[in-house]
Amino acid sequence: MDKYPYSKVDGKVKWVSTEWLENNLEGDLMIMDCQPNVHDYIKEHIPGAFYLNEGLFRETLGNAPAMYIPAEAVQAIFRRQGINKDVPTVVYTGVGPVKSWGDGLEQTMVAYSLVRFGHENVYVLDGGIEKWKNEGRDLNQIFPTAEESNFTVDVMENYFIEYDEFKTIKDEEGVIVLDARPAPIYEGQGPWIKPGHIPGAVNLPWASLMDPKNTRLLKNKEEIKSIVEEKGATPDKTIICSCGTGREATNEFILFKWFLGYPKVRIYEGSFTEWTQRDDNTTVTGPNP
């Protein structure tokens with residue numbers, strides 16, 4: 001990346017390096033530890049970090065098990081946490097030293113949730129706490145004190161696409177639907193009631209864009225561009241990011257929209273879970289869309 005905080009466009013999500021964060025720990029910013037379990041945070045975290053679990057933002061809605069909670073509920077969470085939309089908020093995660101099951105998506109899920117509800121300035125720590133630790137940077141077990149904020153939620157409805165519109169436009173020329181799940185799940189039977197993937201969806205596993213040794217660390221920009229363009233995801237198209245429940249898709253949504261600077265990017269939050277709950281929807285197995 002050319003500079004930090006990095007964004008291809010003047011966007012709400014930017015990426016920062018571990019070196020940048022260490023040099024700015026005393027600056028005007030907030031740090032959110034999104035490790036998979038609070039015990040991971042208790043064991044070790046970056047100095048000054050608060051704990052924020054990704055699971056706070058989704059709950060059952062009707063027969064859908066993982067949909068976003070109402071805006072007023074999110075507003076209460078943000079205020080209690082002390083989040084201000086104009087103060088840069090750094091998010092990071094890790095494997096987790098206690099529970100050890102973090103996959104790296106915690107930080108993209110929280111980053112997306114913050115901007116979805118109106119945050120103006122979110123920084124993603126490229127490499128997460130793993131890179132920070134491997135470089136010998138300081139960790140501690142001190143919990144900072146949160147001061148309640150007056151955050152006012154503003155839902156960014158243009159970021160996401162809902163079922164009816166998705167079904168209407170997904171096969172249009174100039175639209176490409178990406179499925180961020182691993183290839184074996186995209187091709188065959190996952191935990192869903194139906195196998196395979198949404199007809200027409202192209203498989204772009206989110207982890208293929210990350211360092212294989214650290215799924216919180218992006219591959220270099222040219223390698224990412226090569227991978228996505230090989231899948232047909234070019235800047236002239238409308239990119240719809242999908243996955244199983246909308247979680248893996250957050251990685252690709254923020255990457256396309258702000259890291260690569262694509263102008264037309266949406267996220268299908270209901271994803272394969274919602275699609276397969278409709279009896280009349282078919283699915284496709286195998287490696288082809």
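The values are calculated or read from the model by the stated rules, or taken from the named source; none is laboratory data. None of the values given here were measured: they were computed from a predicted structure. Note that each Cβ is placed from the backbone with ideal geometry, even for glycine, and that neighbours are counted across all protein chains shown.
Scan the stretch 117-131 for residues that are crowded, with 24+ Cβ neighbours inside 10 Å and either among the basic types (Lys, Arg) or assigned to a helix (DSSP H, G or I) (or both) and jot them down. Residues satisfying the conditions are GLY128, ILE129.
Only one of the numbered conditions (1) under 19 Å from ALA111 (Cβ atoms); (2) in the same structural domain as ASN121 (by TED's automatic domain parsing) is not met by SER7, and that is (2).
Quickly run through the stretch 145-190 and pick out the residues that are in contact with a Cys (Cβ under 7 Å, 6 or more places away or on another chain) and assigned to a loop (DSSP other than H, G, I, E, B). If the condition is that a residue be in contact with a Cys (Cβ under 7 Å, 6 or more places away or on another chain) and assigned to a loop (DSSP other than H, G, I, E, B), then ALA180, ARG181 are the ones that fit.
Considering GLY55, GLY96, GLY102, GLY136, the condition of being in a helix (DSSP H, G or I) and of a type in the set (Gly, Ala, Ser) is satisfied by GLY55 alone. Tell me, please, whether a residue that is among the acidic types (Asp, Glu), buried (at least 17 other Cβ atoms within 10 Å of the Cβ) and outside any loop (DSSP other than H, G, I, E, B) can be found in the stretch 6-26. No, the stretch 6-26 contains no residue that is among the acidic types (Asp, Glu), buried (at least 17 other Cβ atoms within 10 Å of the Cβ) and outside any loop (DSSP other than H, G, I, E, B). Quick check, is GLY174 assigned by TED's automatic domain parsing to the domain that holds GLY94 and either polar (S, T, N, Q) or on the phi > 0 side of the Ramachandran plot (or both)? Here the answer is no, as GLY174 does not meet what is asked. Among residues of the stretch 269-289 that are of a type in the set (D, E, K, R), those with a beta-carbon under 6 Å from a residue that is in a loop (DSSP other than H, G, I, E, B) at least six positions away or on a different chain give the pairs GLU269/GLY246. Do we have GLY232 as closer than 28 Å to GLU165 by Cα and crowded, with 20+ Cβ neighbours inside 10 Å here? It is false that GLY232 is closer than 28 Å to GLU165 by Cα and crowded, with 20+ Cβ neighbours inside 10 Å. Taken together, GLU252, GLU172 contain a single residue that is touching a strand residue (DSSP E or B) at 6+ places or on another chain (Cβ under 9 Å) and within 23 Å of GLU54 (Cβ to Cβ), which is GLU252. All of (1) surrounded by fewer than 21 Cβ atoms within 10 Å (Cβ to Cβ); (2) over 30 Å from PRO263 (Cβ atoms) hold for GLY94 with one exception: (1).
Within the option set ASP236, ASP279, being over 25 Å from PRO65 (Cβ atoms), charged (D, E, K, R) and not in a strand (DSSP E or B) holds for one residue only, ASP236.
Among the charged types (D, E, K, R), within 25 Å of PHE259 (Cβ to Cβ) and part of a helix (DSSP H, G or I), is that true of GLU72? So GLU72 fails the test.
For first residues located in the stretch 69-91 and farther than 10 Å from VAL153 by Cα, partners that are in a helix (DSSP H, G or I) and not hydrophobic (A, V, I, L, M, F, W, C) and lie 6+ apart or on another chain with Cβ distances below 6 Å form the pairs VAL91/GLN107. Output yes when any residue across the stretch 230-242 is out of contact with any Phe, Trp or Tyr (no Cβ under 8 Å at 6 or more places or on another chain) and under 30 Å from LEU56 (Cα atoms), and no when none is. For the stretch 230-242, residues out of contact with any Phe, Trp or Tyr (no Cβ under 8 Å at 6 or more places or on another chain) and under 30 Å from LEU56 (Cα atoms): present. Each residue in the stretch 27-50 was checked for being surrounded by 17 or more Cβ atoms within 10 Å (Cβ to Cβ) and free of Cβ contacts under 8 Å to residues at least 60 places away in the same chain, and 1 pass.
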